[in-house]
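Structure record follows, encoded as structure tokens.
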2 protein chains.
Amino acid sequence: MVARRGRRNGAEVKLDADNAPTAEMPAVTGAAPDPVRVKAIPEAAVARLAVYLRVLSAMAEQGATTVASEELSAAAGVNSAKLRKDLSYLGSYGTRGVGYEVQVLVGQIERTLGLTRQHKVAVVGIGNLGHALANYGGFPGRGFPVEALFDVDADLIGVPVGGIPVSHLEDIPAVCAERGISIGVIATPPTAAQSVCDRLVAGGVQCILNFAPVVLQVPEQIEVRKVDLAVELQILSFHVARRAEETNSSHPVGNGMVVR
Amino acid sequence: MVARRGRRNGAEVKLDADNAPTAEMPAVTGAAPDPVRVKAIPEAAVARLAVYLRVLSAMAEQGATTVASEELSAAAGVNSAKLRKDLSYLGSYGTRGVGYEVQVLVGQIERTLGLTRQHKVAVVGIGNLGHALANYGGFPGRGFPVEALFDVDADLIGVPVGGIPVSHLEDIPAVCAERGISIGVIATPPTAAQSVCDRLVAGGVQCILNFAPVVLQVPEQIEVRKVDLAVELQILSFHVARRAEETNSSHPVGNGMVVR
DNA sequence: AGCTGTGAATCGTTTCACAGCT
DNA sequence: AGCTGTGAAACGATTCACAGCT
């Protein structure tokens with residue numbers, strides 16, 4: 001079966017934990033009533049689960065009780081094989097010949113994504129973007145209440161935005177710790193981002209969502225996700241350029257970029 | 001290495017025989033005078049090029065003239081092998097034994113990403129987020145000037161935001177066509193997003209950056225990128241949950257009551 | 001008859017490791 | 001001696017295709 005190959009000789013050995021994406025390993029759990037443990041879900045699948053969840057919630061609201069992979073996948077913009085594979089990471093919650101029960105799926109995805117508890121959010125940098133984020137007022141569906149706001153601007157300190165008074169950057173560690181913030185959102189100018197990040201970490205936040213265009217340095221147990229407007233636009237720009245090049249496939253060179 | 005490239009990076013037709021379980025034929029059949037195209041840059045690499053570009057620009061500002069892969073990769077948060085591979089897609093612009101010339105690299109990346117020309121942007125939905133985006137005033141480094149704003153709200157029509165007067169959603173096609181908008185940014189509530197998207201497409205935009213939590217349906221030549229706050233937070237939530245599970249690996253924690 | 005769940009094949013990305021140039 | 005450029009190996013994600021359940 002899974003042949004395991006040695007590695008030549010190099011640094012770093014990544015302890016090959018056997019997580020074949022589909023294997024029924026005899027979990028070491030004793031007589032656990034609930035098969036919760038098992039294999040890791042691929043990162044890419046996690047992102048899609050969040051999308052499925054939204055689509056399913058919408059369907060539930062419209063009274064759907066069951067849904068087939070074909071239908072759900074179409075609504076989520078993926079193909080059905082991928083959808084089924086993704087859902088299979090959760091366990092077997094579908095009914096062959098029928099489909100999935102919407103409510104069951106919603107529950108399982110919420111459990112898997114850790115949405116059965118709240119995650120308090122702090123927003124740092126109350127400029128245009130931070131303001132917008134703060135006013136979102138408890139991001140999506142209640143699970144992510146914004147409970148702290150920070151900025152450097154003296155004129156803003158104490159002013160409530162979306163119901164929460166703004167505190168000073170220096171108080172990040174204390175306030176985050178005190179309020180039990182678990183997610184920090186950085187919406188500051190790039191120059192301030194790293195120091196803000198350090199303070200958030202000092203305050204005990206576990207994850208950071210970074211809107212500032214900088215690569216943050218964090219201790220390895222902290223999870224960081226980055227949303228970068230400039231990068232998104234530049235990727236789009238690349239595609240426009242590529243399309244233009246393709247359409248008038250007349251000037252293949254001009255600048256010396258050639259076949260490899 | 002005779003890999004043959006399909007036309008497009010994403011979609012592309014399958015010309016694969018969908019039968020013989022183990023039979024495999026030397027793919028590529030009638031090779032027409034297929035022009036040898038420039039090797040396409042992997043999608044994943046494109047996103048990183050944008051990051052390298054920013055880092056390089058910062059280095060240039062501080063007077064650096066050359067940089068080695070080790071240094072640049074560290075600053076960009078990737079490893080050096082990946083960096084070198086990514087840069088190799090642009091061509092050979094480094095000097096063995098020395099490194100890369102910062103200015104040369106900046107120029108090549110800009111050219112590759114299509115940043116040598118401007119891409120006019122329209123922002124639709126002037127709520128909190130749209131307002132923030134509009135005020136960015138010509139996104140990153142001058143290459144993406146915001147030149148049109150739209151909303152449904154009658155109170156907003158005509159009011160200038162960040163220097164540009166807001167127009168009505170209905171005028172999207174006409175205004176976009178007239179001003180030569182190439183990128184549309186959707187910052188509306190989810191319910192409006194698809195219709196806005198259709199109008200942007202009608203107005204001739206080639207790419208869409210979608211902040212609304214919906215899966216957009218677009219003609220295949222339109223490139224869409226999505227930025228989804230809820231999804232980002234839920235991914236972070238997943239990691240918090242997984243870490244918690246790992247730390248206390250024994251207790252599935254009963255069954256949390258929920259919130260959502 | 002229909003649809004899920006999943007091994008196996010395929011495809012894309014990352015990493016290794018070293019030849020080749022400076 | 002040092003650093004790039006790159007085949008090839010390893011890894012990871014997606015798609016195929018069908019066995020197995022309802």
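The values are calculated or read from the model by the stated rules, or taken from the named source; none is laboratory data. The structure presented is a predicted model; accordingly, all values stated were derived computationally and were not measured. Backbone-built Cβ (ideal geometry, glycine too); neighbour counts: all protein chains shown.
At a glance:
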| quantity | calculated |
| --- | --- |
| Residue selected from segment B:122-135 under the condition touching a strand residue (DSSP E or B) at 6+ places or on another chain (Cβ under 7 Å) and more than 7 Å from chain A (Cβ to nearest Cβ), by the criterion farthest from residue B:166 (Cα to Cα) | B:133 |
| Some residue of segment B:233-243 being of a type in the set (Phe, Trp, Tyr), at pLDDT 95 or above and not assigned by TED's automatic domain parsing to the domain that holds residue B:156 | yes |
| Conditions (1) closer than 23 Å to residue A:114 by Cα; (2) surrounded by fewer than 16 Cβ atoms within 10 Å (Cβ to Cβ); (3) near DNA strand D (Cβ under 10 Å from one of its atoms); number of the one not met by residue A:83 | (2) |
| Matching entry among A:67, A:46, A:55, A:51 (being within 22 Å of residue A:144 (Cα to Cα) and within 15 Å of DNA strand C (Cβ to nearest atom)) | A:55 |
| Residue satisfying all of: in segment A:102-115; surrounded by 18 or more Cβ atoms within 10 Å (Cβ to Cβ) and farther than 19 Å from residue A:40 by Cα; farthest from the other protein chains (Cβ to nearest Cβ) among these | A:102 |
| Filter result for residue A:99 (more than 30 Å from residue A:205 (Cβ to Cβ), away from chain B (no Cβ under 14 Å), near DNA strand D (Cβ under 10 Å from one of its atoms) and not polar (S, T, N, Q)) | no |
| Pairs where the first residue, in segment B:69-81, is at the interface with chain A (Cβ under 9 Å from one of its Cβ atoms) and on the phi < 0 side of the Ramachandran plot and the second is more than 8 Å from DNA strand C (Cβ to nearest atom) and part of a helix (DSSP H, G or I), C-beta under 6 Å, 6+ apart | B:75/B:55; B:76/B:51; B:76/B:52; B:76/B:55 |
| Among (1) near DNA strand D (Cβ under 6 Å from one of its atoms); (2) among the aliphatic types (A, V, I, L, M); (3) under 19 Å from the mean Cα position of the chain (by Cα), the one test that residue B:68 misses | (3) |
| Sole exception among (1) within 16 Å of DNA strand C (Cβ to nearest atom); (2) more than 10 Å from every other protein chain (Cβ to nearest Cβ) for residue B:92, by number | (2) |
| Residues of segment B:71-89 classified as within 10 Å of DNA strand C (Cβ to nearest atom) and either part of a helix (DSSP H, G or I) or more than 21 Å from the chain's Cα centre (by Cα) (or both), total | 10 |
| Residues located in segment A:95-114, provided they are free of Cβ contacts under 8 Å to residues at least 40 places away in the same chain and more than 16 Å from DNA strand C (Cβ to nearest atom) | A:114 |
| Options B:185, B:224, B:159; residue that is in contact with a strand residue (DSSP E or B) (Cβ under 7 Å, 6 or more places away or on another chain), surrounded by fewer than 17 Cβ atoms within 10 Å (Cβ to Cβ), at pLDDT 95 or above and of a type in the set (A, V, I, L, M) | B:159 |
| Qualifying residue in segment A:154-163 (condition: under 24 Å from residue A:61 (Cα atoms), out of contact with any Leu (no Cβ under 6 Å at 6 or more places or on another chain), more than 16 Å from DNA strand C (Cβ to nearest atom) and of a type in the set (D, E, K, R)) | no |
| Residue list for segment A:51-65, filter: over 22 Å from the mean Cα position of the chain (by Cα) and within 16 Å of DNA strand D (Cβ to nearest atom) | A:65 |
| Flag if residue A:119 is assigned to a loop (DSSP other than H, G, I, E, B), surrounded by 17 or more Cβ atoms within 10 Å (Cβ to Cβ), away from DNA strand C (no atom under 15 Å from the Cβ) and within 13 Å of chain B (Cβ to nearest Cβ) | yes |
| Within segment A:127-240, strands (runs of 3 or more DSSP E) holding 1 or more residues that are more than 16 Å from the chain's Cα centre (by Cα) | A:146-151, A:164-168 |
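Residue-wise test of (1) more than 10 Å from chain B (Cβ to nearest Cβ); (2) farther than 22 Å from residue B:231 by Cα; (3) without any contact (Cβ under 8 Å) to a residue 24 or more places away in the chain.
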site: A:163; (1), (2), (3): yes, yes, no
site: A:202; (1), (2), (3): yes, yes, no
site: A:207; (1), (2), (3): no, no, no
site: A:221; (1), (2), (3): no, no, yes
site: A:225; (1), (2), (3): no, no, yes
site: A:229; (1), (2), (3): no, no, yes
